[in-house]
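None of the figures in this text is laboratory data; all of them are computed from the coordinates on show. Here the structure is a predicted model, which means the values were calculated and not measured. When we count neighbours, we look across all protein chains shown, and the Cβ atoms used for this are built from the backbone with ideal geometry, even at glycine.
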Amino acid sequence: MRISVIGCGYLGAVHAACMADFGHEVVGVDIDQTKIDRLAAGVPSFHEPGLEPVLRKGVESGALTFTTDKSAIGDARVHFIAVGTPQGGGSYAADMSYVWTAVDDILAHARPHADGPLVIVGKSTVPVGTAQAIADRVAEAGLDAVVVWNPEFLREGFAVQDTQAPDRVVYGLPDDVLAGDTGRAVLDEVYAPIIAAGIPRLLVNYATAELVKVAANSFLATKISFINSMAELCDASGADVTRLAEAIGHDERIGPKFLQAGIGFGGGCLPKDIRAFMARAGELGVDQSLTFLREVDSINMRRRDHAVDLATSMAGGRLVGVKVAVLGLTFKPDSDDVRDSPALDIAGRLWGRGANVVATDPAGAAAVRSQRPDLHIVDTADEALEGADLVMLLTAWKDYLAIDPAHAKSLVATPRIIDGRNVLDAHAWADAGWDYRGMGRTASTW
Ligand code: UGA
């Protein structure tokens, strides 16, 4: 199958590489020349474990090409839309301009196919109603094409495995049965290894497919904010949120995942998706249905305030001139993504309160250096720890979990640490002489 993937960011680049790995001929298109040059050379343009070998294999075999020339999509039977839908300026709603440009590009360059209608597959996270609007536009333009909405559930850091062996696939199909059958059959061929593996495939209408995606991310965000609200209760009452999460997680109906209390969620998806979802609910006249997401967002943002307040109080009430070593800047480990990163936000707020912030991150340093030249970024944890009055672990990179507390103590000025992700061994750090503080837990509960 000849496939085009429009948009080669975290989603599109991985999707293009994985589709080539499935045996298809894939062209990835993006407007960013630097990104395309790297991808075309088989080099990932971002940090994603496991992507490089798949990408390189596709490029070297000739099955996978990347270009900024939009006309290159012309021969494809299937066109994937994988562009970003960031939060729009001045509102909670998603900025849909990249999606509509992608649709315009398809209308301008896609050529009819001898085997039957073209299939346009939407993967971007969009407000409910978008797939139908795209289908209407395609029909008006007279292009013989079926639109299918196929949301993506990949997690950064696990993107290749989530694309090649997802938990489930969802096809949002048009109401027209014949068109729906074509869309399903073509997508089944594209995803042949996934279908052969018996991975659940759900056939639904457009609106359901669009909502599945934002509902899933809203649920995950709610789960994290739930445990973070429990962390607030634990702090107020002397309980331990990690033990509480462990105990409730044994209940199969609740489950142990996504109950890690800390400085909260960030990234290019969860925060903007819950906001765009609220905006869309308002447009649909059902804003009350999602009022709870406003609280989810507030709890999440309060975690950042809490971390800064705790740092201030541990430093004796003022941060001016206090040297704070920040370990981790990305929104989560195994990613170089600093979009809406709680860690970066906290580092910036500490700096704003006068702290002498020295930060480090195994993968996100380059992005931060260009976005926040005011922050002092060093290459290693040891450099950051040197002479620190306070240490804050804000992203749970494995390298930081492996730091020896005794060695770290020999580097700092004062052994005080905030574990913003509740991932360190509290006993080991306290035993080594550190004033250790977690999130939603106190020394008496470890
Ligand atoms: C999220 C979803 O998990 C994916 O299923 C979805 O496909 C993706 O968004 C998307 O919409 O494209 P991702 O943004 O990669 O994936 O990140 P997550 O693994 O969901 O983590 C989000 C944030 O929550 C991170 O900042 C993480 O540190 C935080 N988190 C996660 C917690 O604070 N506690 C937890 O227990 C889990």
Inset, instruction - Provide the gained length on full extension for the span R111 to D431, in nm with one decimal, where the gain is 0.36 nm per separating residue minus the Cα-Cα distance. - result: 108.4 nm
Inset, instruction - Excluding residues on the same chain fewer than 8 positions from K398, give the lysines whose Cα lies under 26 Å from its Cα. - result: K223, K257, K323, K332, K409
Inset, instruction - Restricting things to alpha carbons, find the Rg to Rh ratio for region 294-352 using the Kirkwood radius for Rh. - result: 1.00
Legend entry - Spacing of the two label points (7 Å from each Cα toward its C-beta) at D32 and W446, in nm: 4.1 nm
Inset, instruction - Whole number please: convex hull volume per residue, Cα atoms of the chain, in Å³. - result: 152 Å³
Legend entry - Listed peptides 264-274, 433-443 by packing density, highest first (mean Cβ within 10 Å): 264-274, 433-443
Legend entry - Approximate spin-label separation R243-A185, in nm, with each point projected 7 Å along Cα-to-Cβ: 6.2 nm
Inset, instruction - Go ahead and run the numbers for FRET between F292 and Q161, Cβ-Cβ distance against an R0 of 30 Å, rounding to 0.05. - result: 0.40
Inset, instruction - Just the Kirkwood number for region 244-349, please: inverse of mean 1/r across all distinct Cα pairs, in Å, one decimal. - result: 16.0 Å
Legend entry - MRE, 222 nm, helices only [DSSP H, n ≥ 4, -39500 (n - 2.57), over the chain, to nearest 500]: -13500 deg cm²/dmol
